[in-house]
């Protein structure tokens, strides 16, 4: 499959038709930007003048392209119709035709209808009308946006604006799992519409190897992708010369667990942007571009004077779940809830654990660098269920699968020896399927056999020992702590009952004010997705609400920070 490049070119009064032709010769659509690329980030009041000059230069270049007699595909990104620049853009485009018109910050059907009505009035022709999803609202309303016009067959993703909109910092770029979760959300939001995605620009132009991995991946996605926004002629050439690879692209990505960052990161990014900027909305520093959006986010981060509350969640895959977009994870929902009601900066830190033996040391190591104000320790079903089984399947340090008996009384516990979070031992689990009835029965017998020889009792005691170790450490160091109970995993007939026993055991053996039940029987929500393993979005919302209530019920925020809450309740 060929990936269509949409190259946004730098253009000024010195740009020639020959330069435009060189971009066209790569096979790219030559795109002119009237929006974020045409402004002075340091003196916004000059933006109107800069945009007016850009329109004038574009009109000259458009005429030169027509006069050349060459068929050159032209694209343009205009300003949003809510801005004062929109009508002036329409005047510059009036009576002209384009291969692609990019519509920024499209968030609802009304936006689409307004654009379409305006283009008709100004007789602006286009082959492709391309809404850009650049906000959470646009993502959530994608289906209605597409339904507004049957002419829309392509949609673009603007990940820098999207990061800015949801308050992510530093930004998630294409080398992160979070970025591709957004892409998956785009696909899901399209429903049954036959629409293709134009991938957001890759800013690190010096990393050609990774850019080629991206191109190979989107080419392997069949008809889901059709294009890639490019920033250089070299990137456009690579789109044309793509080599399809069978390499697992997902293994090239990282899942950023360290969400909270130091101000030094923002200082460096802002300094690089300012030192290399040429009064444009995009800065090129060496072989890497820095977007206006990440610069603005950096400046906002540096100017934030709110007191910082360090929240540390100790858990498994739940806080970094691969099929829930970043902004909908429970800790981000909790962060927004608290920051909207309190004068506080709520920093989220994540520690992941699989085995009981290492988790306390992980917390100690983290606390030696940054003392948390609140630790939430998540009692997870997975490590408990692994210990309950009589027969356990594991992967050794060479990646080879083995079977072993769990025999605690003989100190045979492979489930504790091989931690799946050890460096180099994180394996992707693909194509999870509901097991056959026979397989389900075999797993049930495995659990039952383990319970009969005392594995369940051992697992409960072992888990409680671990939690007491965490509690003791936090109490000795003046750290507030909450214990979050498990959800009711149901990938097997016996798992719900085993999870209820785990929850009740901790409820009985933990102080009432410390323990937060992982589910409430009186609240009917679907906690797990298909096959009973991964949590639903509703469950993330449920946990965010439970933790929010527990934090305020136990007065775990400093008194000064709770002042607005207390005043609101008085």
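The values are calculated or read from the model by the stated rules, or taken from the named source; none is laboratory data. All values derive from a computational prediction rather than experimental measurement. For neighbour counting, all protein chains shown are included, and Cβ atoms are generated from backbone atoms with ideal geometry for every residue, glycine included.
For region 236-247, the condition of being surrounded by fewer than 16 Cβ atoms within 10 Å (Cβ to Cβ) and touching a helix residue (DSSP H, G or I) at 6+ places or on another chain (Cβ under 6 Å) holds for at least one residue. With respect to (1) in a loop (DSSP other than H, G, I, E, B); (2) closer than 23 Å to residue 176 by Cβ, the lone exception for residue 278 is condition (2).
Screening region 37-53 for residues that are surrounded by 14 or more Cβ atoms within 10 Å (Cβ to Cβ) and out of contact with any helix residue (DSSP H, G or I) (no Cβ under 9 Å at 6 or more places or on another chain) and picking the one that is modelled with the highest pLDDT gives 50.
From the list 127, 154, 136, 123, the lone residue that is modelled with pLDDT of 95 or more and on the phi > 0 side of the Ramachandran plot is 123.
For region 445-460, what are the residues that are in contact with a helix residue (DSSP H, G or I) (Cβ under 9 Å, 6 or more places away or on another chain) and either within 17 Å of residue 375 (Cα to Cα) or part of a helix (DSSP H, G or I) (or both)? Listed by number, the residues that qualify are 446, 447, 449, 450, 451, 455, 456, 457, 458, 459, 460. Before we move on, is residue 302 crowded, with 17+ Cβ neighbours inside 10 Å and not in a strand (DSSP E or B)? The answer is no for residue 302. None of 387, 374, 413 is over 25 Å from residue 530 (Cβ atoms), modelled with pLDDT under 80 and crowded, with 18+ Cβ neighbours inside 10 Å except 413. Strands (runs of 3 or more DSSP E) fully within region 306-409 that include at least 2 residues being under 22 Å from residue 490 (Cβ atoms) and in contact with a strand residue (DSSP E or B) (Cβ under 8 Å, 6 or more places away or on another chain): 391-395. The set of residues from region 70-91 being more than 11 Å from residue 103 (Cβ to Cβ), within 31 Å of the chain's Cα centre (by Cα) and assigned to a strand (DSSP E or B) comprises just one member, 75. For region 206-233, the set of residues classified as over 22 Å from the mean Cα position of the chain (by Cα) and closer than 24 Å to residue 294 by Cα consists of 206, 208, 209, 231, 232, 233, listed by residue number. Inspect region 531-539 for any residue being in the same structural domain as residue 366 (by TED's automatic domain parsing), in a loop (DSSP other than H, G, I, E, B), over 19 Å from residue 318 (Cα atoms) and without any contact (Cβ under 8 Å) to a residue 60 or more places away in the chain and give the result as yes or no. Looking through region 531-539, none of the residues is in the same structural domain as residue 366 (by TED's automatic domain parsing), in a loop (DSSP other than H, G, I, E, B), over 19 Å from residue 318 (Cα atoms) and without any contact (Cβ under 8 Å) to a residue 60 or more places away in the chain. When 101, 30 are screened for being within 26 Å of residue 139 (Cα to Cα) and either assigned to a strand (DSSP E or B) or modelled with pLDDT under 95 (or both), only 101 passes.
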